[in-house]
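Here the structure comes first, spelled out in structure tokens, and everything after it is commentary.
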Amino acid sequence: MSKIFKFLMAILLFAAFATAETTTVAPVETTAVATVADSLDSAATTNIQELKKKHAVWIKLEGDVEPSMYDFCARAIDDALKEKPDYIVFEINTFGGRLDAAFDLVDTIMAVKGPETIALVKKKAISAGSLIALACKKLYMLEATTIGDCAPIVQGGDGTPQIVGEKIQSPLRAKFRNLAQRNGYPELLSSAFVTPELEVLELTAKLDKGKKSERDTTLIIESKKFAVLDSTEKAFWGAPKILVKEGELLTMTDKEAEELGFSKGTFKDRSEFETTLAIESRSEVETTLGEDIASAIAAISGILLILGFGALYIEFKTPGFGLFGVIGLILIGIVFLGQFAPQLDGYIPAILLVAGVVLFLVEIFVMPGTFLFGIGGIICMILALALSFSPEEIPEYIPETVETTFDATPWLFGLFYMLACAAIALVFPIAASKYLIPLLPEGWTPMLKTDLETAASPTEAVQEIAVGATGVAKTFLRPVGQASFTMPDGSTKLFDVQTHGEIIEAGTSIKVESVQEGHIWVVSDL
């Protein structure tokens, strides 16, 4: 019996071990399944990370807020939307500028649909710059930057800046409130950008005694409203903290803007900003040549207008029409035509070329001998040549060079191109003056056909020409030219004469007004 029992026990133990060996396969299968699951999770994580990659388009708003900045911003937003980005980042660095241009910029930014608009204060967003920054859905700042102070000012009669009245402050304050409500910025503090009479307090009720805790309640309130609270409410809130003093405008550093709920974060540089927002790809909308010209003209438009109207005033005080009138019209024309520079971007080289030719014609036919218009014409033509040449467009017959760090071939070709054009431009006037202009009929050519060998120097004429002597203009006096006078011995001599800006046609009778330092000053004798 014992043997049979032992045999049965052995069979049972063998079956148990056999069963145990077969169950060991299951962990292997489980491990394989786990490995596949891990790989699937890894792939899913990779796909999620790829989905999280963001594309941003950068638009720089630097310098004075002018209509030219608005034109650039509107075009840049249109170009940015074509890329279907996740973010449109406005990099702001401005002291402000014109309020009308700022309002147009704000309306354009607020109208953006789709991508998230972000303002990144690069150095400063003062005055109209703060208005533009709050037009974006989110605001970030770099370290050591400032934002605020948007009170509209005008220059007073004594030359000092003065804050404008309620008529302008009221709609501007409403604009700030609208932006604060739309994008989640502190509304009352936003009004403090504009209103110096507004004093803002911060009240904190500590529900837990001691240090500040999450249960603390904070309230931002006007000082006038705090003043009417009863003693129980004032005791509950405790001593207020002044955020904006009366008579001051809210201007914040990057840290203060973050603490007060305006800025979403402060970064050391642009790279850290892009890393935090998971920006993997980026592009930047560059300004065009026309926009750069418009911005440069806008920066000095005040000076140009002062000089232009000053030149016209001098012209009105002198007889005839001369140098100062032409200069005044040119300066004023530059200011007004500069506003259309962005729309004329592709035509600027042609416009400069035409302007150069016109200045040359003025130098030859209207104001000969001044050299000012001739030099201006040369400068315009050189600029036209330089702008019409693109180093990327190299003729196919130029052999390819070995790749180096810097390929000078395009620039050498451009230099050769400009020198060749300059040589042609130099030779053509000489040839025209020698062979073509002399063929023009009398009175149409600025060059003398009369033999000048008998002409006398003005210094010699001091003793021969008396004040009051009459003669005849042999060339157009613009204002310099030649005139013939009958001498006491009956002979006729030619002299260099000039007017005080008056243009006198050839063949007109003239009279000597004065003779000073070798110059013969004449006026019309009609």
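Taken together, the values in this text are just the output of simple stated rules run on the coordinates, not laboratory data. Owing to the predicted nature of the structure, the values given are computational and were not obtained by experimental measurement. Because the Cβ atoms are built from the backbone with ideal geometry, glycine has one as well, and the counts that use them run over all protein chains shown.
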Counted neighbours (other Cβ, 10 Å), sorted fewest up, put C380, C150 in the order C380, C150
The answer for G265, listing residues at least 5 apart or on another chain whose modeled amide H is closer than 5 Å to its amide H, is M141
Of the listed links K53/K137; K53/K175; K124/K175; K82/K137; K224/K255, those spanning more than 23 angstrom between alpha carbons are K53/K175; K224/K255
Per the rule of 0.36 nm per residue minus the C-alpha distance, extending Q516 to T232 adds in nm 92.9 nm
Proxy exposure order for I330, I163 (fewest C-beta within 10 Å first) is I163, I330
Quick note on F324, F193, ordering by fewest other C-beta atoms within 10 Å, gives F324, F193
